[in-house]
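The values are calculated or read from the model by the stated rules, or taken from the named source; none is laboratory data. All values reported here derive from a predicted model rather than from experimental measurement. As a convention, Cβ positions derive from the backbone with ideal geometry for all residues, glycine included, and neighbour counts pool all protein chains shown. Just so you know, the surface numbers come from the protein's heavy atoms only, side chains and all, with ligands and any DNA or RNA stripped out. Shrake-Rupley method; radii C 1.70, N 1.55, O 1.52, S 1.80 Å.
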Amino acid sequence: MTTLALTINGRAYGPTEVRDELSMNDFLREYLGLTGTKFGCGAAQCLSCAIIVDNPDGTSTTSPTCVVAAANFNGKAIRTDEGHARGNELSALQKAFIEHFAFQCGYCTAGFLNEGQVLLERLARKPVARVDLETTIAEALDGHLCRCTGYVKYHEAVRDVILADPKRYLV
Ligand code: FES
Ligand code: FES
């Protein structure tokens, strides 16, 4: 058993005792009821299970949860899909996903949403040139698999959010 204490969407959880082998995906979904995080391949191949990890230096990254033990997140601050909206107000990226019909079955959406949000925050810290935007989006979302092949719509949605606020995201 391992003691686990972490921050999820700005709220402190734990300390609580968890089995060493308990996956983060099971901890979020089965223990906390945070089912916005999905389980797809279970083999670190599709990233539908990705969450956001907020690093102490102010940067953020995504991490799969299916193959990573919950204990690995001890002491960390993470965000899940439940943390994007502010009350009833969806985030700009959530709205864009809906406006673009970016998802079909929706199973990959959680991972794309978290990855897209990490990209937006990265660009807000370090904007890129317009000419580099398409490559930047493609590289950021690379690795997320969509069985319904909705990649183009996800890219368009992320691009729209960026172009709607060019002073923030572009140089
Ligand atoms: S379910 Fe975790 S990478 Fe596919
Ligand atoms: S919308 Fe179905 S897997 Fe992407």
How much of Val68 can a 1.4 Å solvent probe reach, expressed as accessible area in Å² and rounded to 10?
30
Of Ser48, Ser91, Ser63, which is the most mobile in a GNM of the chain whose springs link Cα atoms less than 10 angstrom apart?
Ser91
Could you name the lysines in cross-link range of Lys95, using Cα to Cα under 27 Å and dropping any fewer than eight places away on the same chain?
Lys38, Lys126, Lys153, Lys167
Calculate the translational D of segment 2-83 in whole µm² s⁻¹ from Stokes-Einstein, where the hydrodynamic radius comes from the Kirkwood formula applied to all Cα pairs, the temperature is 25 °C and the viscosity 0.890 mPa s.
196
Of the accessible area of segment 2-83, computed with a 1.4 Å probe and all protein chains kept, carbon and sulfur make up a percent value of 48
Taking a probe of 1.4 Å and leaving out DNA, RNA and ligands, the chain shows per residue an accessible area in Å² of 51
Considering the dipole of the chain built from charges on the beta carbon (Lys and Arg +1, Asp and Glu -1) around the Cα centre, which of Thr62, Val152, Phe27 is farthest to its positive end?
Val152
So the pair-distance distribution of segment 116-162, from every Cα-Cα distance in 10 Å bins, comes to percents of 25, 59, 15, 1
Can you find, among Asn114, Thr136, Ala124, the residue farthest towards the positive end of the dipole of segment 92-169? Put +1 on the C-beta of Lys and Arg, -1 on that of Asp and Glu.
Ala124
Could you work out the Rg to Rh ratio of the chain, with Rh taken as the Kirkwood radius (inverse of the mean 1/r over all Cα pairs)?
0.97
Per-residue HN-Hα couplings for segment 159-171, Karplus 6.51 cos²θ - 1.76 cosθ + 1.60 at θ = phi - 60°, whole Hz, x for Gly and Pro?
4, 4, 4, 5, 6, 6, 9, x, 5, 7, 10, 10, 9
Given Cβ point charges of +1 (Lys, Arg) and -1 (Asp, Glu) and nothing else, what value in debye, to the nearest 20, does the dipole of segment 92-169 about its Cα centre take?
180
Among Thr136, Thr59, Thr109, whose mean-square fluctuation peaks in a Gaussian network model of the chain (Cα, cutoff 10 Å)?
Thr59
Longest to shortest principal axis, alpha-carbon extents of segment 81-171, angstrom
35, 30, 19
